[in-house]
Amino acid sequence: MTIRPPTDLAGVNRRTLLTGTAALAAAAGLAYPRHVFSQTEKNHPLAGKSIRMAILGIAGWLPSKLGVDMSPDFAKYAKARYGYDVSFSFADAPFGQLFQKAATSLATRSAEYNIIISDSQWLGALATPKWIVPLNDIIAKNKELDIEWFAPVVRQAYQTFPDGTANRYGFPQEGDTIALFIRKDLLDAPGEADAFKARYNMEMPKTWEDFEKLSIEDYTKLAEFFTRPDKGYHGAAMQYSREYDFISCPLLSFMRSQGGDVWDPKTGQVQGILDTASNARAMEQYKAMLKYQPPGAINYGIAEIVDVFAQGKAFSAWQWAAVGKAMITPAMQGKVLVVPPPGFKQADGSLKRDYIIGGQPWVLNAFNDDAHARVALDFMKWWYLPETQMEFAKRGGNPCDKATLSAEGFDDLQPWYRTYKYMLPRSSDFWHDPKYSEMLAVQQEAFTAYATGQINDPAHALAYVACKQQDILFDSGTASKQPSGACAGIRL
Amino acid sequence: MLPGLLLIPVLAFFIVWNTIPTLWLLGLSFYRFSLTSGRAPIYAGLLNFQNILNDSGVWLDLSRTLLFVVSGVGIQTVLGVALGLLFWNSGRLPGRRVALTLLFAPMVLTPVASGTFWRLIYDPTFGVLNAMLRGVGLSGANFLGDSSTAFAAVLVVDVWMWTPFMVLMTMAALASVPKAELEAAEIDQLSWMQRMRLVLLHHGKYILMLGILLRTIDSFKTMDLIYNMTFGGPGTTTQLVAITLYRRAFEAFNMGWSSALAVILLLISIAFTATFIFVLHWRDKADA
C-alpha cells in the first residue's frame with residue numbers, strides 16, 4: 001500500500017515533509033527513555049488491563065509526597081512498557097499515627113494499601129506478623145532491584161530485619177540524616193566574626209569545611225553567641241517533643257557519638273548498656289542546650305523547628321535533611337548554609353559523628369493479589385531507574401543509590417545534598433524490633449520527664465527506661481535476661 | 001408480637017456493636033497477645049490484671065485522672081451554676097441568644113480541634129496568650145512545656161470546653177422549678193439563700209447531679225483533648241489513664257494488657273453508672 005501525503009499538504013515540498021517527519025521521530029525518540037522502546041514487554045500478564053493501586057504515606061513529608069507526585073510518570077511508563085493502565089490513590093497519616101493506620105489495616109489481612117511507606121524502625125513490627133513481602137527471592141529474580149547503595153547503612157536501616165541478617169523487607173524510598181541549618185547571613189554580618197573571636201578566642205566557622213571540623217563544645221559557643229532574645233532570635237533549635245521519636249533521635253545521636261549505645265541487638269540486653277554514666281552525661285549536655293533556644297523549645301518537633309527557623313527566630317536548627325525545602329523558604333533563599341551537625345571529641349582528639357538515621361522504606365503488602373503484587377514490583381523497578389532517581393533528587397527527595405549520589409553535580413542539586421551525602425555513612429538506626437513502639441513510648445516518656453524537669457536525675461531516667469525496655473524485650477522473648485532486682489517498683 | 005419484632009433491629013445493633021466486642025475484650029484480657037508479635041494469643045489467666053495492679057505507673061495515671069476529674073468537674077459545676085443563675089429569667093436581656101450561642105460553642109467543638117488551637121494559643125513563641133502577657137509587661141510562660149504548669153493548663157481547656165454543659169444542666173434544673181413555688185417564696189419574702197436552698201436546689205438537685213455524674217464519666221475518659229495538646233507530657237505530667245490505654249493498645253499493640261486495663265476502666269465506669277442509676281431511683285422514690 002502506498003502512503004500518500006494528505007491533500008492539504010499537497011503544496012508542501014516532499015523533501016521538506018520527509019525531513020520534518022524524520023526530525024520529529026528523532027525528537028520523540030530522544031525525549032522518551034530509550035529502554036521503553038528497546039525493552040517493551042510484549043507478554044506482560046497485565047497487558048490491556050486497568051489496575052488501581054493505593055499507596056499509604058506520611059502526611060506533610062515532602063519525600064513521601066514526591067513518591068506520590070511522581071506516580072503519574074509511572075502510569076505513562078507502565079502503559080508504554082507493559083501495556084496496562086494504572087492509576088493511584090493515596091492515603092496518609094502523620095508520623096505518630098501512620099504505623100497505627102498501617103497495622104490496623106494489615107492486621108485484618110487487608111490489601112487496602114498495596115504499597116506502604118513505612119518508617120525504618122517498623123520493619124520488625126511489620127515483618128514478624130508476615131504483613132509485608134520478604135524480598136530476598138524477588139531481588140534474586142530481579143537483579144535490577146539488587147542496587148548498590150551509597151553506604152551500607154542504607155541496607156541495614158531500610159531493608160534488613162532482623163538486624164545483622166541477610167533478610168530484606170524494604171526498598172529505600174528516601175534516605176535522611178540530621179543536618180545543621182545555619183543562618184549564613186547572620187554569620188557573615190559585619191563585625192560578628194571579630195566579636196566572636198574577641199569573646200571566645202577562636203575563629204568563627206563560616207564555611208562547610210569549617211563546620212565539618214566543629215565540635216559540640218565550639219558549636220555551643222556559636223549558639224550562645226547568637227542567642228539574642230532582644231533581637232528576636234536564639235542560637236539553636238532542637239527537638240524535645242514527646243511526640244513519636246522526636247526527642248530520641250537527636251538525644252541518641254549525642255549518646256552514640258560519645259561512645260554510648262542503647263542495646264545489644266544480638267542478645268536484646270538493655271540494662272548495663274543504656275543506663276551508663278556516659279549516656280547520662282549526654283542527657284545533661286542535651287538538656288543544657290535548651291538555654292540557647294527560643295522559649296517553648298521543650299515542645300519542639302519537626303514542624304515547630306521548621307516554623308521557628310523559617311520565621312527567623314533561630315540562628316541554627318538541627319533538622320532532618322528531608323524537610324530542607326520547607327526550611328529554606330523563598331525568603332530564606334541564599335541566607336542558609338546546610339552543614340554537618342557538630343562532631344564529638346574522642347579520647348584521641350578526633351571528632352566522631354554517629355547520628356540517628358531518618359528516612360523510610362517502601363514495603364509491599366503481603367495480602368496483595370497477583371495483579372497488584374506485580375504492579376507493585378513494576379513500580380519498584382521504575383522507581384530505581386536512574387532517570388527516576390535523578391528526577392526524585394531534582395525535586396528535593398533524597399535518593400540512596402550510589403549511582404545517583406555519585407553523579408556529577410549531585411551535590412549542587414539541593415542545598416543540603418552535600419551534607420546529606422556526608423552524614424549518610426555517619427548515621428545508623430536504632431531498634432528494628434517488633435516491640436519498637438512500646439519501647440519508644442517508655443523512652444520518650446522518660447527522656448521528656450528529664451528534659452522538662454519532672455525528674456532531675458538523668459541516671460534515674462535511664463535506669464527507668466532500661467528496666468522497662470528490658471522487661472518488654474524479656475517478655476517478648478527477644479532478651480534472655482529478665483530485668484534485675486533493682487527494677488522492682490521503679491518509677492519516674 | 002409486633003412490638004417484639006420492632007425491638008430486633010436495635011437489639012441486633014446492640015449485640016453486634018456492644019455485647020460481642022465487650023465479651024471479646026473480656027476474653028482477650030486473659031491472654032498475652034501482641035498484634036505485632038506474629039504469635040497466637042497465649043492464655044495467661046489473671047497475669048495481665050496482676051501486672052497492671054503491680055504497675056506503679058498505672059496507679060500514678062489513675063491518681064492523676066482522679067485529680068483531673070475532681071478538680072475539673074468541681075470547677076465546671078461552680079462556674080456552670082453561677083453562669084446558669086446569671087442567665088436565668090434573662091429572657092428580655094438584649095443579646096441573650098448570641099451570648100448563649102457563644103457560651104455553648106466550646107462544647108460542640110471536637111476535642112481534637114479544641115486541643116489544636118489551644119496548643120497554638122499557649123505556644124510560647126507564636127501564641128496569642130504569651131503575646132498578650134508580654135503586651136502588658138509580664139514575662140511569657142511555657143504553659144504546656146513546663147511540668148509545673150502543664151496540668152493546670154490542660155485543666156483550664158477542659159473547664160473552658162465543658163462549663164457550658166453545666167450551664168445547660170443548671171438552666172434545665174432551674175426551668176424545672178414550679179412557678180407557683182417561686183411566687184410563694186416571693187410572697188413569704190424568703191432571702192436569696194433560702195430561696196436557693198429550699199426552692200431552687202430542692203427541685204433542681206437531681207438534674208444537677210445528673211449533669212455532674214455525666215461529666216464525671218466523660219471526664220474520666222478524657223484522651224483526645226490532652227493527647228493533642230501535650231501527648232501526655234511533659235514527662236508524664238498530663239498522662240491520664242485513657243492516654244496510657246490508647247498508647248498501649250494502638251501504638252504498642254499490646255492487646256492483652258490493654259484489654260485488661262480497659263476491663264478495669266470499664267468496671268470503674270460501671271460504678272459511676274450504678275451511682276447514676278441509684279440517683280435516678282432516689283429521685284423516683286422521693287417524688288413518690
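The values are calculated or read from the model by the stated rules, or taken from the named source; none is laboratory data. None of these values were measured; they are calculated from a predicted model. Ideal geometry is used to build each Cβ from the backbone, glycine not excepted, and the neighbour counts take in all protein chains shown.
A few points about this structure:
- Those residues of the stretch A:130-141 which are in contact with a helix residue (DSSP H, G or I) (Cβ under 9 Å, 6 or more places away or on another chain), within 14 Å of another protein chain (Cβ to nearest Cβ) and in contact (Cβ under 8 Å) with a residue 40 or more places away in the chain, in sequence order: A:Trp131, A:Ile132
- Residue among A:Ser241, A:Ser257, A:Ser253 that is at pLDDT below 95, within 15 Å of A:Met283 (Cα to Cα) and under 25 Å from the mean Cα position of the chain (by Cα): A:Ser241
- Single condition A:Ala451 does not satisfy, out of (1) within 9 Å of chain B (Cβ to nearest Cβ); (2) farther than 30 Å from A:Leu337 by Cβ: (2)
- Any hit, the stretch B:49-68, residues being outside any helix (DSSP H, G or I), modelled with pLDDT under 95 and in contact with a Ser or Thr (Cβ under 6 Å, 6 or more places away or on another chain): no
- Identity of the residue in the stretch B:111-143, of a type in the set (D, E, K, R) and not in a loop (DSSP other than H, G, I, E, B), that ends up farthest from the other protein chains (Cβ to nearest Cβ): B:Arg134
- Residue list for the stretch B:213-249, filter: of a type in the set (A, V, I, L, M), in contact with a Gly (Cβ under 9 Å, 6 or more places away or on another chain) and in a helix (DSSP H, G or I): B:Leu225, B:Ile226, B:Met229, B:Ile243
- Among the residues of the stretch A:291-303, just one is surrounded by fewer than 24 Cβ atoms within 10 Å (Cβ to Cβ), facing chain B (nearest Cβ under 10 Å) and more than 22 Å from A:Gly324 (Cα to Cα), namely A:Pro295.
- Test: A:Ile357 is in contact with a Ser or Thr (Cβ under 7 Å, 6 or more places away or on another chain), of a type outside the set (Asp, Glu) and away from every other protein chain (no Cβ under 14 Å): yes
- Meets criteria (surrounded by 19 or more Cβ atoms within 10 Å (Cβ to Cβ), touching a residue at least 12 places away in the same chain (Cβ under 8 Å), within 12 Å of another protein chain (Cβ to nearest Cβ) and in contact with a Phe, Trp or Tyr (Cβ under 9 Å, 6 or more places away or on another chain)) for A:Phe181: no
- Of the strands (runs of 3 or more DSSP E) lying entirely inside the stretch A:109-219, those carrying at least 3 residues that are in contact with a Gly (Cβ under 8 Å, 6 or more places away or on another chain) are A:171-176, A:178-183.
- So B:Phe250, is it in contact with a Lys or Arg (Cβ under 7 Å, 6 or more places away or on another chain), within 14 Å of chain A (Cβ to nearest Cβ) and closer than 30 Å to A:Ala461 by Cα: no
- Test: residue in the stretch A:277-286 that is in contact (Cβ under 8 Å) with a residue 60 or more places away in the chain, crowded, with 22+ Cβ neighbours inside 10 Å and closer than 19 Å to A:His234 by Cβ: yes
- Residue that is nearest to the chain's Cα centre (by Cα) [pool: residues in the stretch A:139-182 that are over 25 Å from A:Leu66 (Cα atoms) and of a type in the set (A, V, I, L, M, F, W, C)]: A:Phe161
- Residues in the stretch B:178-204 that are loosely packed, with under 13 Cβ neighbours inside 10 Å and in a loop (DSSP other than H, G, I, E, B): B:Pro178, B:Asp188, B:Gln189, B:Ser191.
- Residues that are in contact (Cβ under 8 Å) with a residue 60 or more places away in the chain, in contact with a helix residue (DSSP H, G or I) (Cβ under 8 Å, 6 or more places away or on another chain) and within 14 Å of chain A (Cβ to nearest Cβ) do occur in the stretch B:212-226.
- For the stretch A:89-108, filtered to residues that are outside any helix (DSSP H, G or I) and polar (S, T, N, Q), the residue that is farthest from the other protein chains (Cβ to nearest Cβ) is A:Ser89.
- Among residues of the stretch A:288-309 that are free of Cβ contacts under 8 Å to residues at least 24 places away in the same chain and at negative phi, those with a Cβ under 8 angstrom from a residue that is in a helix (DSSP H, G or I) and not hydroxyl-bearing (Ser, Thr, Tyr), sequence gap 6+ or separate chain, pair up as A:Pro295/B:Asn130; A:Val306/A:Val323; A:Val306/A:Ala326; A:Val306/A:Met327.
- Members of the stretch B:227-247 that are free of Cβ contacts under 8 Å to residues at least 60 places away in the same chain and facing chain A (nearest Cβ under 8 Å): B:Phe231, B:Gly232, B:Arg247
- Residue in the stretch A:455-475 that is assigned to a loop (DSSP other than H, G, I, E, B), within 14 Å of chain B (Cβ to nearest Cβ) and crowded, with 19+ Cβ neighbours inside 10 Å present: no
- Residue that is more than 14 Å from chain B (Cβ to nearest Cβ) and closer than 30 Å to A:Arg155 by Cα, where the choices are A:Glu438, A:Glu408: A:Glu408
- Among residues of the stretch B:24-40, those that are away from chain A (no Cβ under 13 Å) and either loosely packed, with under 11 Cβ neighbours inside 10 Å or in a loop (DSSP other than H, G, I, E, B) (or both), counted: 2
- Restricting the first member to the stretch A:112-125 and to residues that are over 15 Å from A:Leu440 (Cβ atoms) and in contact (Cβ under 8 Å) with a residue 12 or more places away in the chain, and the second to residues that are crowded, with 23+ Cβ neighbours inside 10 Å and among the polar types (S, T, N, Q), the beta-carbon pairs closer than 9 Å and six or more apart or on different chains are A:Glu112/A:Asn365; A:Tyr113/A:Asn365; A:Asn114/A:Asn365; A:Ile115/A:Asn365; A:Ile116/A:Asn365; A:Ile117/A:Ser64; A:Ile117/A:Gln173; A:Ile117/A:Gln360.
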